[in-house]
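The values are calculated or read from the model by the stated rules, or taken from the named source; none is laboratory data. This structure is a prediction, so every number in the text was calculated from the model and none was measured. All Cβ positions, even for glycine, are placed from backbone atoms using ideal geometry, and neighbour counts span all protein chains on display. Areas reflect the complete protein model, heavy atoms only, side chains present, ligands, DNA and RNA absent. Shrake-Rupley method; radii C 1.70, N 1.55, O 1.52, S 1.80 Å.
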Amino acid sequence: MDQTGCEAEFFQPLQAYLQACKSGKTTPPFIPKWDVLPLYKLGALALAWNESGFEKQAGELASWLMSLEKFPTFWCSEKEYDEKEFQKIFSQLPKIALLDGQKPDFTLLEGQSISTVTTLWGNKTPLGALRTKNVEIRAMGPQSNTLQFGIRGKGSDGWAQSYAYPEVWLECKQRMDLDQYKLDLRFVGITNENPLSFSFYVKAKNCQVGNDFLRPKSLQRFNGELSKIIFDDLVLEAALPHKVQVIPLAGAGCYWDCEFLLSFEIHPFAPQANFTIHCE
């Protein structure tokens, strides 16, 4: 796998260690480590560890990676998303003997018709993802007017830092209530000079806004105030009306291969949003 950016920090030391061992050179002990990367790159790292004799660390990493198999966009920026590479790597993970170990900071919630995952860790990556039988919210998170999306760093105590504006933080509270997903967000640091929205990148066939239907790849879009929107069998409702934009996308080649962008404006004088997501 080509290595760019921070992933080289984890692959190259292993390569150097193995080369030194092969040539008989004295080398310090290798300590396997990882950080926030797309799941398929973490899967490749687990395979490399396993093939290099670090079966315990590989088994612990592969174990929680497999629990996220239905969320290929987790910890994945828009430019790094590669569905074919994800499928290729994850098809090989069963060769690793899975072991229980310490898991990173993510929350996985499973209802009868809805599954979600969220995290406070990121690097220009989603706060979370959600899926039903027919619809995927492949990425959800804070976004600036210039489309700088996602969170950064390692948050804690329910708080995550926005990628667009380091001074803006959001508190995330969530629960699954009778197969309804409840997401409550509170922001600090938003100003009129640095406006922020909370956005959902959605893979769906249809989008219903009131009595109107939007289609993927069309020029028709919605810009107005509303609290409820429907994607196929998924209903997303805000507790209060927000200024909203719905933009049809191409469905392939960018934006996690999604068909719609849905953005809720977060007003600096009422910096919160409360969402309920359920199936019809």
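Report, in debye and to the nearest 20, how large the dipole of the chain comes out about its Cα centre when Lys and Arg carry +1 and Asp and Glu carry -1 on their Cβ. Walk me through the intermediate numbers first.
Values: 28 positive and 33 negative charges, 79 e Å.
The dipole magnitude comes to about 380 debye.
Principal-axis analysis of the Cα atoms of the chain puts helix 55-66 at an angle of about 20° to the longest axis. Over region 18-153, Cα pairs under 8 Å with separation of 6+ residues give a relative contact order of 20 percent. Straight Cα distances below 16 angstrom link K228 to the aspartates and glutamates D184, D212, E237, E265, E280, with same-chain residues fewer than 8 positions distant left out. Rounded to the nearest 20, the size of the Cβ-charge dipole of region 75-120 about its Cα centre is 180 debye, with Lys and Arg at +1 and Asp and Glu at -1. Computed over protein heavy atoms with a 1.4 Å probe, the carbon and sulfur contribution to the accessible area of region 133-280 reaches 48%.
Each residue, L109 and A252, gets one label point 7 Å from its Cα in the Cβ direction; the gap between the two is 3.4 nm. Using R0 = 35 Å, the C-beta based FRET efficiency linking Q220 and K84 works out to 0.70. Note that region 183-249 shows a convex hull volume over its alpha carbon atoms of 112 Å³ per residue.
When K33, K41, K70 are compared by accessible surface with a 1.4 Å probe, the order from highest to lowest is K33, K70, K41. Computed from Cα atoms, the angle from the helix 39-51 axis to the main principal axis of the chain rounds to 10 degrees.
Relative to the compact globular guide of 2.2 N^0.38 Å, what is the alpha carbon radius of gyration of the chain, as a ratio? Don't skip to the end; give the middle numbers.
Values: Rg = 20.1 Å, N = 280, 2.2 N^0.38 = 18.7 Å.
Compared with the compact-globule rule of thumb, the chain sits at 1.07.
Calculated FRET efficiency, K56 to D179, Cβ-Cβ distance, R0 = 45 Å: about 0.75 to the nearest 0.05. Of the whole protein surface, K182 contributes about 40 Å² of accessible area at a 1.4 Å probe radius.
With a 1.4 Å probe and every protein chain left in place, work out the accessible area per residue of region 144-231 in Å², rounded to a whole number. Intermediate values should be presented prior to the final figure.
Values: 4710 Å² over 88 residues.
For region 144-231, the solvent-accessible area averages 54 Å² per residue.
Counting helices only, and only those DSSP H runs with n ≥ 4, report the 222 nm mean residue ellipticity of the chain as the sum of -39,500 (n - 2.57) divided by its residues, in deg cm²/dmol to the nearest 500. Calculated from helices alone, the mean residue ellipticity at 222 nm is -5500 deg cm²/dmol. Shown in residue order for region 269-279 are the 3J(HN,Hα) couplings computed by the Karplus curve 6.51 cos²θ - 1.76 cosθ + 1.60 at θ = phi - 60°: 8, 9, x, 7, 8, 10, 10, 10, 10, 8, 9 Hz (x for Gly and Pro). With the convex hull of the Cα atoms taken as the outline of region 38-157, the averaged projected area works out to 8.4 nm². Label positions at A270 and E69, each projected 7 Å from the Cα along the C-beta direction, are separated by 4.4 nm. Shown in residue order for region 144-161 are the 3J(HN,Hα) couplings computed by the Karplus curve 6.51 cos²θ - 1.76 cosθ + 1.60 at θ = phi - 60°: 7, 5, 8, 6, 6, 10, x, 10, 9, x, 10, x, 7, 6, x, 10, 10, 9 Hz (x for Gly and Pro).
Phi-derived couplings, Karplus 6.51 cos²θ - 1.76 cosθ + 1.60 at θ = phi - 60°, listed residue by residue for region 244-251: 10, 10, 10, 10, x, 10, 6, x Hz, with x used for Gly and Pro.
For the listed residue pairs K56/K103; K154/K243; K182/K217, the alpha carbons are over 23 angstrom apart in K154/K243; K182/K217. The residues packed around Y81, meaning those with a beta-carbon under 11 Å from its beta-carbon, carry a net charge of -3 if Lys and Arg are +1 and Asp and Glu are -1. Our estimate of slack between N211 and E193, defined as 0.36 nm per intervening residue step minus the Cα-Cα distance, is 3.1 nm. Among the protein heavy atoms of region 22-112, carbon and sulfur supply 49% of the accessible surface, probe 1.4 Å, non-protein parts ignored. Among the chymotrypsin sites (Phe, Trp or Tyr not before Pro) in region 121-224, none is located in a DSSP loop while being surrounded by at most 16 other Cβ atoms within 10 Å of its own Cβ.
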